[in-house]
Structure formats: structure tokens, C-alpha cells
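Only the coordinates and a few stated rules stand behind these numbers; no lab work does. Note that the structure is predicted; figures quoted are calculated from it, not measured. Every residue, glycine among them, receives a Cβ derived from its backbone with ideal geometry; neighbour counts consider all protein chains shown.
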């Protein structure tokens, strides 16, 4: 089988590792570009949110390159994402592509379905469950290392002396991690990357603002979608902290660690799960405020209901906890210049707030 | 005598002001950008040079507006600031204690909320232009009325009609319908002003705590009908400052003045640049499928700025 999968941040490097080691050929998903988006927009329903369009564009690009099977996640609950892989399948079929889409729903939703799909992939590659487990653990390690290296890059970039130097080193790091095959090599790669990033010339005397990034998972994780919000802010000298990492449940050292506590934290404002990352956006804003962050930026696809619900609750959270929130709504019409202006104005607002202490009174800004 | 230059290059107008160290406006210009920001900026500088007192020495320059980076590179700006911050600084200096700024320009509209002189919230229009000056331009054209008479006619209305203003196209059909049912022009114009304000408050002003003193600025503030409609819908007095149409440029000039006070020195290239030969070239980068349009800006044949890339490959390296 020639397998491909969605592109989301840096995770494709670890997924590629897993699929390859299970004996399959991988068609790596290219990083989304305007061409990807154009392809997706052309064939997707106009009213669908931008993740559907971008994934469709990605699938069309990997099918052009010869992929015959696409592995993707499904979902249950009110967010439309659970419906999307089925819709993708129908659209691709209408366009004349005879590809197989394997959809993984959350395991606890249907254990039998989950394991039979993994079994299918393992058996097609001629591997055993034992080998799968070994490769899975190595790939998970790779995913963790990718996240570790990225987190470090976000800590270094606001202090860099030369704009762009961290990003350059980070791109080299991704290549190094990609090349590492065994557990030992992956751990070595981690050490090398951490050393390289720490060697980026920095000005430690800066006292950067701290901004938390919340919102819907795909636009949060995929820099092309969020107009590189993290890098843009960090190059303005702001520390950003992203609420979502794929490996976060294994992390205890970051602010937002388990989903359970997020629901509990958000409970005074929202008592129900509303699908997607809606409730997380509320809970994370509260946690960022409690942890001394200067502000929060919500990135959400246009028409994303969970984030719209969150957005309508956020002004109250913002007012109660005195933490400014900027909401950026993203679709294929969003222009970088508009996002840049709002980010600059938001950073000015936060700097003034920091200078004048508690005098400020914050609300949700943007649109 | 010391002067500070502020430049606001927007999509519709290019504004230049010179203030003195006590923030008195010495010169101000409001020019149409006409899609030629570099040329208009050079003309503006030439005009300023001719108008201003020869004793005046420019000690600092600030730029703002959507063309802030371009104009900053051309004149050698000390401060390049986004228009939200620039407008807030100008309004809070000109109208001490201001708590709400309503700003409507040709193609964008924004609201800025201040408390104790500090910006606490802001919003800009994103998906729709039905709350901006272009909306009025379109409808004035449809009614064959000069846009400068629009406001006075609106104030003569006795019974403003209700016009669906969510979208300029539907507003137009609704307006034609009202004409055909026999409403007079004044009432229709007043209805349009109310439609614009309703749209602005529902979109840009949604969820904002609008408290007095309220300042209304930007090109559309010249329209007395819109001011009237704001006052009617908000129930507060709305002030239009003397230099309402160049407030962004004033903000940029104030920032340049503050920058000079803190740091001294200026990167201003002088008024001579109005005769320099500026040109822009572009090429399509084929490094990836994004195919970014990279823009090079030249001054007398030397490259002074470059931008347009998504990845930063071309942005870094030119100071």
C-alpha cells in the first residue's frame, strides 16, 4: 500500500516513521501551500470550515503523487470533523479517485473497529502485533522529541539577536529528527537539536510578554493556517505557549496537561462538552490567566461552532480574570496583512497593560 | 524649530502632518492614494516642503496605515506603527479622557475602547465593507448626489426610512424599492446613514462597552448624517475632532516625537527623496508551491527593501 495522511505541524515526520517501519511505502503529505488550499476550495462545499478544505487539498496532492490509501482521524460528537473523512471519501470518489480512506475514531468509541483497522494495516505490511508495538513506541518517542524540540524553539525565538536565526536552526533540527531511525538515534538527535537551538545567539536581558495560543486543533497546529501566529509573535519578541501538542497527555511539566482538569477548570463558565476544542478554549484561557500570562489569542476556523460558543463566553472569562483575549477567525479569505495589524495592536495593548498594572480592564478583541 | 512628520498611507487616502514638540498641528495634507502610494507620498512631501516654514527642522518621522512598511522604507521612518495604536494615541492626546473611538475610513472601520488613556479593546471589520465609506460612496453615486452634500441632506430628513444595510447590494435594491414607493431623497439618505451605523455597531462594535466621551474620526466623520445617526443610536454626544481625517498621521507624528525624546536622532532621509526615483519590481519565488510574489523596492537603482515572502527566505538580510 502507498499510504498518506494529513499534514499537521511537524507530526508527519513521526507518522511517516511508523508507517514505513510497518512495511508500507509512504507518500509524505507536503506542507500546505496556497495551491493546496486552492485545490481544496475548488472541490469542497463553500460553507465547510477551512480544515475540511485544506485536508481535501492535501489528499488531492498526495493522490497525484500516487498514494492509494489515506489514514485519518474521525471523531464523535457535535464537531463536524467526525463527518469530514466520509465526505472526503465521497468527494474524491466523484472526482474519479479510487482510494481507500481508513478512519480512526477515538478507540473507546468502538474498540473492535479500532483494532481491526490496525490489524489490517499490520497484516498488509506483513508485520506482527509485537513488531507494531515496538515501532509504535519508537514513533511515539519521535513525536515527543519533535514536540520537545519545537517547544524549545518557542522559548528561544523571542530572545534571538538575529531575526529568523531560530527558524533556520529549527528547520535543520526537523531534518535531523527525521533521519534518526532507532531509539538511540532519536535520543541523540534530541540532544543535538537542543544544543543547536541553545547556541542561537540570544539576548537574555529581554522581558518578553507571554501569550497563550488556544483554539481549534488544526488551525492551532498548522502554521500555514494560522498565518504563522507563533513565529510572527516570537519575532516581535513575545513568548508564546501553545495549548495543544499531540503528545501533551504524557507531559506533566506544562501548564495544560490533562483534559480532565480542563473540564473542571472551565466548569464555572461551561458545564457541557460542546465538541471540538470549545471547552478547552475556555479552560485554557483560565489557566493562562492563573499562570501569569499577559494575554490569550484564540484561532478558530470561520463557522467553527465549538469555537463560536467559546468566543461568546470568553468576554466574561476575560473580564473576570483581567486577561485580554484576541480572536482571529480564519478561512481561505483571511489575509496576512490584517492578521499582522491586529497582532501588532494586541501586543501594544498588552505592553500598555503591563506598564500600568491592574488599572486595565480587558475584553475580547479582534473578530 | 523642531517638527515631527507623521504619515498615514491608507487604501483610499494618504495623509501627512507635521506637529511641533507640543503637539500643535503645523501642517496637514489629505491626498487620495489612487493606487499609487509611492507617487502620492512623494507629491505630498514636495507640497509640505513648499508649504512649511523654512525654519522648521524635521527631527523624527512615524508611519502608519496599511502602507506603513512601504512608506517607512521610503522616507526612513523612526517608528512604524499599526493604525489602531496610532489612532488611539492621537485621539487620547487631542481629546483627553476619551473612552471610545469610532473610526470609519474608506475601506475599513474600527472601534477602539480606552480606559484611563490605555487601549483595552479594539476591533476592525473583516468580512464586510457595508460599515465603511465605500458603502456611502456607492449609494451616493446611485442617487446622483455628491458625497460632500450627503450629510447636510440627511439632516433635513423628517422621517428616515429603514433600509436593509447588511450588504451594499441588498441596500441598493431596498433603496430603489423605497424610491419607487415615493419616499423623498432626504429620508432615504438619512435611512442609509442609519443603516451604515447599525451595521457598524452590529459588526465592528459588537459586544463592546461604548462609553462617553466618544470621538468619531476618519474620512467618514466629515459626514454630519453619520454623526447624527451615531448620536441617535448610542444616546450619547459624539465629538468630531478638528483634524478628524488625519488622526492616524497625527498619532504617527506623536510617536515619532516620543521616539526622539527617548532616543534622539532620526533616520529621516530628508525632503529630497521627493525627487528620488523609486521603483518596485516583483518576481515569483519558485522555492515551493506557495509561489510568493516577492517585491523589491529600489531608490535610485539601489535596493532598499524587500518583502512578500511567506517563509522569510527573502525578508532577512536587507536592513
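Give me A:70, A:262 ranked fewest to most by other Cβ atoms within 10 Å of their Cβ, as a rough exposure proxy.
Details: A:70 26, A:262 21.
Ranking A:70, A:262 by Cβ neighbours within 10 Å, fewest first, gives A:262, A:70.
Starting from the Cα coordinates of segment A:5-46, work out the convex hull volume and express it per residue in Å³.
Roughly 82 Å³ of hull volume per residue.
Could you tell me how many degrees, from 0 to 90 and to the nearest 10, lie between the Cα long axis of helix B:83-94 and the main elongation axis, the longest principal axis, of the Cα atoms of chain B?
80 degrees
Which whole number gives the average count of other chain Cβ atoms within 10 Å of the Cβ atoms across peptide A:69-77?
Values: counts 0, 0, 0, 0, 0, 0, 0, 0, 0.
If you average over the peptide's residues, the count of other-chain Cβ atoms is 0.
If you line up the long axis of helix A:50-64 against the longest principal axis of chain A, both from Cα atoms, how many degrees apart are they, to the nearest 10?
40 degrees
Roughly speaking, what % of Cα-Cα pairs in segment A:2-127 are separated by over 17 Å, rounded to a whole number? Don't jump to the answer; show the numbers that get you there.
On the way: 4547 of 7875 pairs.
When every Cα pair of segment A:2-127 is considered, 58 percent fall beyond 17 Å.
Can you give the average number of partner chain beta-carbon atoms within 10 Å of each beta-carbon in peptide B:108-121, as a whole number? Write down the numbers at each step before the final one.
Details: counts 2, 0, 3, 1, 3, 3, 1, 5, 4, 3, 9, 10, 11, 12.
Counting other chains' Cβ atoms within 10 Å and averaging over B:108-121 gives 5.
Classify segment A:264-339 from the C-alpha gyration tensor, please: rounded if a/c falls under 1.5, else prolate or oblate depending on whether a/b exceeds b/c.
Here segment A:264-339 falls in the oblate category.
Sticking to Cα atoms, compute the Rg of segment A:39-86 to one decimal and its Dmax as the biggest Cα-Cα distance, whole number, in Å.
11.2, 34
If the convex hull of the alpha-carbon atoms of chain B is projected onto planes in all directions, what is the mean projected area in square nanometres? Could the numbers behind the result be given before it?
Details: hull surface 73.7 nm².
One quarter of the hull surface, i.e. the mean projection, equals 18.4 nm².
Stick to the Cα atoms of chain A, pair each with every other, and give me the Kirkwood hydrodynamic radius in Å at one decimal.
On the way: mean 1/r = 0.0464 Å⁻¹.
This gives a value of 21.6 Å.
With a cut-off of 8 Å between alpha carbons and a minimum separation of six or more residues, what is the relative contact order of chain B in percent? Don't skip to the answer; put the middle values down first.
Details: 680 pairs, mean separation 69.4, N = 319.
RCO, chain B: 22 percent.
For the residues B:260, A:267, B:243, what sequence is obtained by ranking on other C-beta atoms within 10 Å, fewest first? List each step's numbers first, then the result.
Numbers: B:260 21, A:267 14, B:243 17.
The most exposed by this proxy come first: A:267, B:243, B:260.
According to the square roots a ≥ b ≥ c of the eigenvalues of the Cα gyration tensor, what is the shape class of segment B:189-319, taking rounded for a/c under 1.5, prolate for a/b larger than b/c otherwise, and oblate for the remainder? If you can, show how the numbers build up before the last one.
On the way: a/c = 2.65, a/b = 1.76, b/c = 1.51.
Because a/c hits 1.5 or more and a/b exceeds b/c, segment B:189-319 counts as prolate.
Ignore the peptide's own chain and count Cβ atoms of other chains within 10 Å of each Cβ in A:332-343; give me the average, rounded. Don't skip to the answer; put the middle values down first.
Numbers: counts 0, 2, 2, 1, 2, 2, 5, 1, 3, 11, 7, 1.
The per-residue average across the peptide is 3.
When a/c is below 1.5 the answer is rounded, else prolate if a/b is larger than b/c, else oblate, so apply that to segment B:1-143 with a ≥ b ≥ c taken from the square roots of the Cα gyration tensor eigenvalues.
Numbers: a/c = 1.93, a/b = 1.23, b/c = 1.56.
Because a/c hits 1.5 or more and a/b fails to exceed b/c, segment B:1-143 counts as oblate.
When chain A is modelled as a GNM with alpha-carbon springs shorter than 10 Å, which of A:44, A:337, A:300 fluctuates the most?
A:337
Out of A:30, A:106, A:208, any idea which swings most in a Gaussian network model of chain A, alpha carbons joined below 10 Å?
Ranking A:30, A:106, A:208 by mean-square fluctuation puts A:106 first.
Give me the percent of DSSP beta bridges within the protein assembly as shown that run antiparallel, rounded to the nearest 5. The partial results should precede the final answer.
Working: 37 of 81 bridges.
Among the beta bridges of the protein assembly as shown, antiparallel pairing accounts for roughly 45 percent.
If you average the alpha carbon positions of segment B:15-36 and of segment A:205-221, how far apart do those two centres end up, in angstrom?
Cα centroid to Cα centroid, the span is 37 Å.
So what's segment A:208-367 giving for Rg/Rh, alpha carbon basis, Kirkwood Rh from the mean inverse pair distance? Please list the in-between numbers first.
Details: Rg = 14.4 Å, Rh = 15.5 Å.
My calculation puts Rg/Rh at 0.93.
Restricting to DSSP H runs of at least four residues, report the calculated mean residue ellipticity at 222 nm for chain A, -39500 (n - 2.57) per run over all residues, nearest 500 deg cm²/dmol. It would help to have the intermediate numbers written out before the result.
Numbers: 14 runs with 189 residues, N = 367.
Theoretical 222 nm ellipticity from helices: -16500 deg cm²/dmol.
Pop a pseudo-label 7 angstrom from the Cα along the beta-carbon direction at both residue B:262 and residue A:236 and give the gap in nm to one decimal.
Each label point lies 7 Å from its Cα, and together they span 1.6 nm.
How big is the Cα convex hull of the protein assembly as shown in projection, averaged over all directions, in nm²? Please report the intermediate quantities before stating the final value.
Details: hull surface 130.7 nm².
Mean projected area for the protein assembly as shown: 32.7 nm², to one decimal.
If we sort B:277-283, A:59-65, A:341-347 on the protection proxy, mean other Cβ atoms within 10 Å, highest first, what's the order? Please list the in-between numbers first.
Working: B:277-283: 12.4, A:59-65: 19.7, A:341-347: 23.4.
So the order, starting with the most tightly packed, is A:341-347, A:59-65, B:277-283.
Counting pairwise Cα distances across segment B:60-140, what percent come out greater than 21 angstrom? Before the final figure, lay out each step's value.
Working: 1316 of 3240 pairs.
When every Cα pair of segment B:60-140 is considered, 41 percent fall beyond 21 Å.
How long are the semi-axes of the equivalent ellipsoid of segment A:138-206, taking √(5λ) for every eigenvalue λ of the Cα gyration tensor, in whole Å from largest down?
Numbers: eigenvalues 113, 20, 16 Å².
Working through the eigenvalues yields semi-axes of 24, 10, 9 Å.
For every helix of n ≥ 4 consecutive DSSP H residues, a contribution of -39,500 (n - 2.57) applies; sum these over chain B, divide by its total residues, and give [θ] at 222 nm rounded to the nearest 500 deg cm²/dmol.
-11000 deg cm²/dmol
Specify the angular offset, from 0 to 90 degrees and rounded to the nearest 10, of the alpha carbon long axis of helix B:185-203 from the longest principal axis of the alpha carbons in chain B.
Roughly 60 degrees between the two axes.
If you rank A:42, A:2 by fewest surrounding Cβ atoms within 10 Å, what's the result? Let's see the in-between values first.
On the way: A:42 11, A:2 16.
By the 10 Å Cβ count, ascending, the order reads A:42, A:2.
Expressed as cubic angstrom per residue, what is the convex hull volume of the alpha carbon set of segment B:96-240?
On the way: hull volume 13.6 nm³, N = 145.
Convex hull of Cα atoms, per residue: 94 Å³.
Sort A:174-181, A:197-204, B:80-87 by packing, meaning the average of other beta carbons within 10 Å per residue, with the highest value first. If you can, show how the numbers build up before the last one.
Details: A:174-181: 16.6, A:197-204: 13.2, B:80-87: 25.9.
With the highest mean Cβ count within 10 Å placed first, the list reads B:80-87, A:174-181, A:197-204.
Kindly rank A:286-292, A:31-37, A:223-229, B:267-273 from highest to lowest mean number of other beta carbons found within 10 Å of each residue. Let's see the in-between values first.
Details: A:286-292: 17.3, A:31-37: 19.6, A:223-229: 21.1, B:267-273: 14.9.
Put in order of decreasing packing, that is A:223-229, A:31-37, A:286-292, B:267-273.
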